[in-house]
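Notes to accompany the following structure.
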Amino acid sequence: MARLYLIRHGRPSATWGGHDDDPGLDEAGDAQARLARDWLLSRPEGHRPRLVVSSPLRRCRETAQPTAEALGVTAEIDAAVGEIPTPKALTAEQRGPWLREAFGGTWKAIQGDFDYDVWRGEIAASLVARGDTAVFSHYVAINAVVSKLLGVDEVLAFRPDHCSITVLETDGKTLTLIEKGAEAATSVL
């Protein structure tokens, strides 16, 4: 069985709803990225990631970089592990309130012009065929996978902290949740 590590990006220099729609990491986030790298490289032989995948967003790419460099690989950019798509009609100012409401609800309740069950399935499909890989992603995308694997409809199956590492296994056909990553003491908001 191959191991997959879903890593939430490090602490960004700005939060969603701010002026920068693609912030990089702040100083704490840089340190978190290095700690995640060290933890991943400390896995026993046979469970250490060999590949690195990242969301296209800067905070994930910057979190992935220390691990990719240490492994001597180039991070593959995969939009499937990117941020949750928001309804097309929302303005940038409306995105924050929509997300806050979505966080308290279920996947079925947030359906609209977008099928979030399909999105959850696309994330899982992008992971299931991978070998030993570190995947740098986002709060809601990680929840999309974990809630699917737990068979729950709540959008938030847990609250992954910055650079928390959720461990999955795959046989190339199915995904299994081994361990949820460290949870944040506070909300993502």
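Only the coordinates and a few stated rules stand behind these numbers; no lab work does. Source: prediction; values computed, not measured. Neighbour counts run over all protein chains shown; Cβ positions are idealised from the backbone, glycine included.
Mind checking the alpha-carbon convex hull of segment 6-85 and giving the volume per residue in Å³?
On the way: hull volume 6.6 nm³, N = 80.
Considering the Cα atoms of segment 6-85, their hull volume per residue is 83 Å³.
Angle between the Cα long axis of helix 116-128 and the longest principal axis of the chain, 0 to 90 degrees, nearest 10?
It is inclined by approximately 10 degrees.
Can you give the charge dipole size of segment 1-104 about its Cα centre, rounded to the nearest 20 debye, using +1 on the beta carbon of Lys and Arg and -1 on the beta carbon of Asp and Glu?
Numbers: 14 positive and 15 negative charges, 80 e Å.
Computed about the Cα centre, the dipole is about 380 debye.
Once amide H atoms are built 1.01 Å from N in the peptide plane, which residues 5 or more positions from Asp132, or in another chain, come under 5 Å H to H?
HN-HN under 5 Å from Asp132: Arg3, Arg50.
With unit charges on the beta carbons (Lys and Arg positive, Asp and Glu negative) and the dipole taken about the Cα centre of segment 6-179, which residue among Leu57, Leu41, Ser13 sits farthest to the positive side?
Of the candidates, Leu41 comes out farthest on the positive side.
Divide the volume of the convex hull of the Cα atoms of the chain by its number of residues and quote the answer in cubic angstrom per residue.
Expressed per residue, the convex hull around the Cα atoms of the chain is 104 Å³.
Any idea which of Gly29, Thr166, Val81 is furthest toward the positive side of the dipole for segment 6-179, if Lys and Arg beta-carbons carry +1 and Asp and Glu beta-carbons -1?
Thr166
Starting from the amide H of Ser54, placed 1.01 Å from N in the peptide plane, find each other amide H under 5 Å away whose residue is 5 or more places distant or on another chain.
For Ser54, the qualifying residues are Glu76, Ile77, Asp78, Phe136.
What is the antiparallel percent of DSSP beta bridges lying wholly in segment 6-179, to the nearest 5?
Expressed as a percentage, antiparallel bridges in segment 6-179 total about 45.
List the pairs from Lys148/Lys173; Lys108/Lys173; Lys108/Lys180; Lys88/Lys108 whose alpha-carbon separation is above 20 Å, in the order I gave them.
In this structure, Lys108/Lys173; Lys108/Lys180 lie more than 20 Å apart at Cα.
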